[in-house]
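A short worksheet on the structure shown next.
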Amino acid sequence: MPEPRAKAEEVKGHLRLALGFLGSAHIPADATEAEVRNALSRSYYALFHICQAWLANRGVPRQKRAQQGALLDQIGRGRGQASKRQLAAFQGVREKADYQPGLFTGEGIRGDPERFREFAWVEARRMRDEFNRYSSELETLLEARSDVREDDDR
């Protein structure tokens with residue numbers, strides 16, 4: 001089990017990354033296909049890192065959550081199977097955004113940039129809402145722990 005200070009530093013690191021990714025996950029009204037895809041990917045990675053922080057704070061060793069499958073399993077254990085399925089679905093959206101050229105031309109979108117942006121806004125909002133749930137839980141857990149708060153100067 002990591003020392004409390006090492007665990008706190010890891011939690012802070014994942015929070016920093018999560019907030020950075022979330023801050024870069026914008027979809028402007030005139031976003032290009034690449035910008036939309038990037039925002040979906042950044043939204044997922046914000047969620048990935050908030051999950052890492054949430055699990056690290058609960059004492060789950062890094063090796064038991066480092067890979068996607070292991071992370072999903074640990075989320076399933078810690079938050080339940082519905083949370084695991086939701087995270088897996090978001091991972092699927094991210095993979096499609098990153099690797100499937102046909103996402104833009106697929107059913108329901110058919111190469112229409114406006115439809116693609118609408119699809120992405122909905123998915124990014126769902127990921128942000130899930131992010132906020134983890135963040136709220138984590139914030140509640142960390143409020144009494146001065147070794148993890150951002151204002152800690154040690």
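Cβ-Cβ contacts under 8 Å between residues 6 or more apart (or on different chains), taken from a first residue in segment 37-59 that is closer than 14 Å to residue 12 by Cα to a second residue that is among the aromatic types (Phe, Trp, Tyr) and surrounded by 24 or more Cβ atoms within 10 Å (Cβ to Cβ), are listed as 46/131; 50/131. Starting from residues that are part of a loop (DSSP other than H, G, I, E, B) and of a type in the set (Asp, Glu), keep the ones in segment 1-37 and report whichever is modelled with the lowest pLDDT. So the residue we want is 3.
With the requirement that a residue be among the small types (Gly, Ala, Ser) and surrounded by fewer than 18 Cβ atoms within 10 Å (Cβ to Cβ), what does segment 1-30 give you? Across segment 1-30, the qualifying residues are 6, 13, 20, 23, 24, 29.
Can you tell me which residue in segment 109-127 is modelled with the lowest pLDDT, limited to those that are exposed (fewer than 13 other Cβ atoms within 10 Å of the Cβ) and among the charged types (D, E, K, R)? By that ranking, first place goes to 110. Can you tell me which condition residue 130 does not meet? The list is (1) within 15 Å of the chain's Cα centre (by Cα); (2) of a type in the set (Asp, Glu); (3) at pLDDT below 95, and all the others hold. The failed condition is (3).
Yes or no, residue by residue, for (1) assigned to a helix (DSSP H, G or I); (2) at pLDDT below 95; (3) surrounded by fewer than 14 Cβ atoms within 10 Å (Cβ to Cβ):
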position	(1), (2), (3)
39	yes, no, no
42	yes, no, no
46	yes, no, no
55	yes, no, no
63	yes, yes, yes
87	yes, no, no
91	yes, no, no
96	yes, yes, no
107	no, yes, yes
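Kindly provide the set of residues from segment 65-78 that are of a type in the set (Lys, Arg), under 15 Å from the mean Cα position of the chain (by Cα) and assigned to a helix (DSSP H, G or I), ordered by number. Within segment 65-78, no residue meets the criteria.
The values are calculated or read from the model by the stated rules, or taken from the named source; none is laboratory data. Bear in mind the structure is a predicted one, so any value in this text is a computation, not a measurement. A quick note on method: Cβ atoms are made from the backbone with ideal geometry, for glycine too, and the neighbour counts reach across all protein chains shown.
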